[in-house]
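Data block below; observations after.
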């Protein structure tokens, strides 16, 4: 009976350490410096998945000419540079450029793993007919591995998350 309690206590401690560390790393990434990434291919209705706004990062299109015959599924890392307040892809990462963004090659384009943002049902109608433009972008953090974590979607200069 004592051995059973020890095993259960050990498993609980392991769970706390693993999940606590995971949550702490996500919170650290979320609280890191925030950047603006322009979007295109804006689709305000993804009805099968709820009130999500689907988008495509402009970085995916900018990366196209930089790809050099990498195989499908290859990890792609791209250097970013600020232009007019937003980050844009400049080149394939070969050195220690900061910041950088990482994704995988899928269907001839780089997939960065972010393509939708949840919109509260109360304001879903407001963004239903908005088109992408110079004042439509995502506010995100980029972690040390180049993964993008979207915090907010700004449509026509107005935050969707803060309404």
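Scanning the stretch 88-99 for residues that are surrounded by fewer than 18 Cβ atoms within 10 Å (Cβ to Cβ) and assigned to a strand (DSSP E or B) turns up 88, 90, 91, 92. Regarding residue 139, is this residue under 20 Å from residue 158 (Cα atoms), modelled with pLDDT of 80 or more and not in a loop (DSSP other than H, G, I, E, B)? Criteria met by residue 139.
Residues checked against (1) more than 20 Å from residue 117 (Cβ to Cβ); (2) surrounded by 15 or more Cβ atoms within 10 Å (Cβ to Cβ); (3) modelled with pLDDT under 90:
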site	(1), (2), (3)
23	yes, no, yes
31	no, no, yes
44	no, yes, yes
70	yes, no, yes
74	yes, no, yes
77	yes, yes, no
81	yes, no, no
86	no, yes, no
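Take residue 129 and decide whether it is at pLDDT below 85 and in a strand (DSSP E or B). No: the conditions fail for residue 129.
For the stretch 100-112, filtered to residues that are at pLDDT below 90 and in a loop (DSSP other than H, G, I, E, B), the residue that is farthest from residue 65 (Cα to Cα) is 107.
Whenever a residue of the stretch 92-118 is in the same structural domain as residue 81 (by TED's automatic domain parsing), its partners that are surrounded by 16 or more Cβ atoms within 10 Å (Cβ to Cβ) and assigned to a loop (DSSP other than H, G, I, E, B), lying with C-beta atoms within less than 6 angstrom and at least six residues away or across chains, give the pairs 100/93; 100/146; 101/146; 102/146; 103/112.
The values are calculated or read from the model by the stated rules, or taken from the named source; none is laboratory data. Quantities reported herein were computed from a predicted structural model and do not represent experimental measurements. Here the Cβ is made from the backbone with ideal geometry for all residues, glycine too, and neighbour counts use every protein chain on show.
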